[in-house]
Structure formats: structure tokens, C-alpha cells
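Scroll down for the structure; my scribbles are underneath it.
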């Protein structure tokens, strides 16, 4: 069960979050904006949603013992090996508060989602 929020913006959601989730969500948000241009943000399903080209890139949510990253089931399938040490659901990844954020993995997930939205299916960019 996810936490209900009264936040009406991602900025407000982050400000209402407790530590360490506040810091962790800021880091993920910064990674998204550093990796992808023209990201839209909104609150959807009571959590921050990051939108690229009109489609959901991913969601992030503060939970009591972790930050949830929701990047759709296809992402968990694609990164099954890398996610083996994390608790996952159909399309969710739990990033425990007592572990460092897997920055490189999060960046790879962001890049994968961008390629999926753009219609590219492989992890590596196609040859030019």
C-alpha cells in the first residue's frame, strides 16, 4: 500500500517527505533531469511521475523503509540480473534506505525507458 499525499507538485512531495527519502528522491529526480531533456513532472497515483514525450518514464515514491521506483514491468524483466539483490514486484523496485542508491543502475533504467518510449528496444544505442 502506498502513502497518500496532499502534495500537488513534485517539489511539494519532496518537501513533505521525511529523511532519508527526501534526499534520495532529489537524487533520482536530478538523475532524470540530467539524463533526459524536456521532462514533465506531476503527481499521479499519489507519487511523483516523470513524463517524457507524453508517456510515463517512471514514478518514484517515499515509503517508510525504502524509496520505490516504478519503471514498468518490462524494465524489471530487462534488468532482472541487476535487480536480483533488490526486492521487486511486477513493475516496482525497492531501494532500501540502509543501502546506497545504485546510481549507475538507475541511470541505465532511465536510459532504457527513454529508448522504449522512443521505440528503440535494445540497451545499446543503434549504430549510426
Of those in the range 81-111 that are touching a residue at least 40 places away in the same chain (Cβ under 8 Å) and surrounded by 13 or more Cβ atoms within 10 Å (Cβ to Cβ), the residue farthest from residue 35 (Cα to Cα) is 97
What single numbered condition from (1) at pLDDT below 95; (2) surrounded by 14 or more Cβ atoms within 10 Å (Cβ to Cβ) fails to hold for residue 38?
(2)
Looking at residue 46 and the list (1) under 22 Å from residue 8 (Cβ atoms); (2) within 13 Å of the chain's Cα centre (by Cα), which single condition is not satisfied?
(2)
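Do we have residue 51 as touching a residue at least 60 places away in the same chain (Cβ under 8 Å) and within 23 Å of residue 15 (Cα to Cα) here?
The answer is no for residue 51.
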Just one of (1) touching a residue at least 12 places away in the same chain (Cβ under 8 Å); (2) farther than 18 Å from residue 95 by Cβ; (3) surrounded by fewer than 17 Cβ atoms within 10 Å (Cβ to Cβ) trips up residue 16, so point out which.
(1)
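The values are calculated or read from the model by the stated rules, or taken from the named source; none is laboratory data. Values in this document were obtained by computation on a predicted structure and should not be read as measured data. Ideal geometry is used to build each Cβ from the backbone, glycine not excepted, and the neighbour counts take in all protein chains shown.
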